[in-house]
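> So that we are looking at the same thing, I have put the structure below in C-alpha cells.
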Amino acid sequence: MTGLLALLSSLIWWVLFSSMGAVLPSAIAWVVLRWSEGATVVFNRTYLACLVWSSLTLLMGAMAAAHVGITRPPFGPLLASGAFKVSLVLSMLIGVLALWRLIPRVDARRIRIGSACVAVAVVMAIVFGIATTLVSS
C-alpha cells in the first residue's frame, strides 16, 4: 500500500512540475507561432502541446541523469554527458512533433512543420541560455 501511495504521489508531482514547466515555453511558442504562421493559433492547444513536450522531456532528462549517475548538484558534468545530449535531441524532435500535430490555427488548419521547428528552436535557445546562466553561477 505504501508503494502504491508513493507511486501516486510521484505521478502527481511529475504532472505538477511538468505543468509549471510548460507555462513559459507555451507563451514563447505561441508568440513565435503567431509570427511564423501569420495567423492566430490556439493558445490552450499550444499549452497542451508544451505540456506533453515538457512531461516527456522531464522523464527523459531524469532517465539520462540516472544513467549517468548525476542526480545532485553540480549539474555541469551532466550537461556535458552524451546521454543528456541525446535526450535533448530526442526532446526537440518530440517537441516538433507535439507542436505540429496538436496545434491548429484559428482557420482549423494545422501549423506548418517549419513553424514548429522554429518555435522549438527559439524555446530551446532561451532555455539553454537560462540553464547555462544558472549552472555557471
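> Would segment 110-129 turn up any residue that is touching a strand residue (DSSP E or B) at 6+ places or on another chain (Cβ under 8 Å) and in contact (Cβ under 8 Å) with a residue 24 or more places away in the chain?
Yes, that holds for at least one residue.
> Looking at segment 66-108, which of its residues are β-branched (Val, Ile, Thr) and farther than 13 Å from Thr46 by Cβ?
Val68, Ile70, Thr71, Val86, Val89, Ile94, Val96
> I'd like the full set of residues that are at pLDDT 95 or above and either of a type in the set (Lys, Arg) or out of contact with any Leu (no Cβ under 8 Å at 6 or more places or on another chain) (or both), limited to segment 18-33.
Ala27, Ile28, Trp30, Val31, Val32
> Being assigned to a helix (DSSP H, G or I), open to solvent by 70 Å² or more (accessible area, probe 1.4 Å) and among the β-branched types (Val, Ile, Thr) is the filter; apply it to segment 73-109 and report the residue that is farthest from Met63 (Cα to Cα).
Step by step, filter segment 73-109, then rank; the result is Val89.
> Restricting to segment 17-55, count the residues that are among the small types (Gly, Ala, Ser), touching a residue at least 24 places away in the same chain (Cβ under 8 Å) and surrounded by fewer than 21 Cβ atoms within 10 Å (Cβ to Cβ).
6
> Which of the residues spanning segment 42-74 are more than 18 Å from Leu24 (Cβ to Cβ) and either of a type in the set (Gly, Ala, Ser) or in contact with a Lys or Arg (Cβ under 6 Å, 6 or more places away or on another chain) (or both)?
Ala62, Ala64, Ala65, Ala66, Gly69
The values are calculated or read from the model by the stated rules, or taken from the named source; none is laboratory data. Please read these numbers as outputs of a predicted model, since none were measured by experiment. With ideal geometry, Cβ positions are generated from the backbone for all residues, glycine too; neighbour counts draw on all protein chains shown. Accessible surface is based on the protein model in full, side chains and every heavy atom, while ligands, DNA and RNA are left aside. Shrake-Rupley method; radii C 1.70, N 1.55, O 1.52, S 1.80 Å.
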